[in-house]
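**Student:** I'd like to ask you about the structure that follows.
The values are calculated or read from the model by the stated rules, or taken from the named source; none is laboratory data. These figures come from a predicted structure and were not determined experimentally. Here the Cβ positions follow ideal geometry from the backbone for every residue, glycine too, while neighbour counts run over all protein chains shown. Heads up: the accessible areas ignore ligands, DNA and RNA and are worked out on the full protein's heavy atoms, side chains in. Shrake-Rupley method; radii C 1.70, N 1.55, O 1.52, S 1.80 Å.
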Amino acid sequence: MLWQWDESLSVGINVIDAQHKRIVQYINELATARDNGDRATIGKVLDGMIDYTVTHFSFEESLMERAGYPILREHKMVHDNFTRRILNHKNQFEAGGDIGRQLFSDLQMWLTNHIKRDDKDYTPAVRQVIEEKSWVSRMVQKMFG
């Protein structure tokens, strides 16, 4: 069964939601690859998640920092732990391990727990900064149209 994006996953910030939608795509790609025994696609999803953790987390953290989000440090620690987990999957994969099922589970948990709970918590502060037409707004427009 493939995942569908729905409003329960939305944080209400278009640029962030667009980035989070990519996790839904990764979950679906991974499910298909896992079911078909397609190791190459599992590797591509894993590489995509590594890139995602670097780019998306940096972007999100810069918005939170600009907004003065009071628990940025703790939020960043959660991001760092997830990044380490993904890198651990990469190491296991490169050693020949079958990580498809565990990676699938981790991505589902991340989507339903972190995004629905932790990310929604920073939304009011970040939305205010974006709406102020500050440097963040210009950066978002420049980077993501």
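**Student:** Taking only pairs six or more apart or across chains, which ones have beta-carbon atoms under 6 Å, a first residue in segment 16-42 that is free of Cβ contacts under 8 Å to residues at least 40 places away in the same chain, and a second residue that is assigned to a helix (DSSP H, G or I)?
**Tutor:** Between residues of segment 16-42 that are free of Cβ contacts under 8 Å to residues at least 40 places away in the same chain and residues that are assigned to a helix (DSSP H, G or I), the close pairs are 29/45; 41/33.
**Student:** Which pairs turn up if I take residues in segment 60-71 that are touching a residue at least 60 places away in the same chain (Cβ under 8 Å) and look for partners that are surrounded by fewer than 13 Cβ atoms within 10 Å (Cβ to Cβ) with beta carbon separation below 7 Å, at least 6 apart in sequence or on another chain?
**Tutor:** So the pair list comes out as 67/128.
**Student:** Which number in (1) over 18 Å from residue 124 (Cα atoms); (2) surrounded by 13 or more Cβ atoms within 10 Å (Cβ to Cβ) marks the one condition that residue 91 misses?
**Tutor:** All conditions are met except number (2).
**Student:** Has segment 52-66 got at least one residue that is surrounded by 15 or more Cβ atoms within 10 Å (Cβ to Cβ) and touching an Asp or Glu at 6+ places or on another chain (Cβ under 7 Å)?
**Tutor:** No, that holds for no residue.
**Student:** Determine if segment 112-133 includes at least one residue that is at pLDDT 90 or above, in contact with a Lys or Arg (Cβ under 7 Å, 6 or more places away or on another chain) and in a helix (DSSP H, G or I).
**Tutor:** no
**Student:** While we're looking at this one, here's another question. Does segment 11-34 hold any residues that are surrounded by fewer than 18 Cβ atoms within 10 Å (Cβ to Cβ) and part of a loop (DSSP other than H, G, I, E, B), and which are they?
**Tutor:** Across segment 11-34, the qualifying residue is only 12.
**Student:** Moving to a separate point now. Spot the failing condition for residue 37; the list is (1) surrounded by fewer than 13 Cβ atoms within 10 Å (Cβ to Cβ); (2) modelled with pLDDT under 90, and only one is missed.
**Tutor:** Exception for residue 37: condition (2).
**Student:** Checking the structure you have, find out if any residue of segment 80-103 is touching a residue at least 40 places away in the same chain (Cβ under 8 Å), part of a helix (DSSP H, G or I), closer than 16 Å to residue 118 by Cβ and not polar (S, T, N, Q). Explain how you work it out, then say what you get.
**Tutor:** Taking segment 80-103 and keeping what is touching a residue at least 40 places away in the same chain (Cβ under 8 Å), we get 86, 89-90, 93, 99-101, 103.
From the residues that got through so far, the ones that are part of a helix (DSSP H, G or I) too are 86, 89-90, 93, 100-101, 103.
With closer than 16 Å to residue 118 by Cβ added as a condition, the list becomes none.
No, segment 80-103 has no match at all.
**Student:** Taking segment 67-85 as the search range and keeping residues that are hydrophobic (A, V, I, L, M, F, W, C) and more than 20 Å from residue 18 (Cβ to Cβ), which one is least open to solvent (accessible area, probe 1.4 Å)? Let's see the steps before the verdict.
**Tutor:** Initially, segment 67-85 is screened for residues hydrophobic (A, V, I, L, M, F, W, C), giving 67, 71-72, 77-78, 82.
So of that shortlist, the ones also more than 20 Å from residue 18 (Cβ to Cβ) come out as 71-72, 77-78.
Working: 71: 75, 72: 37, 77: 98, 78: 53 Å².
Among those residues, the one meeting the criterion is 72.
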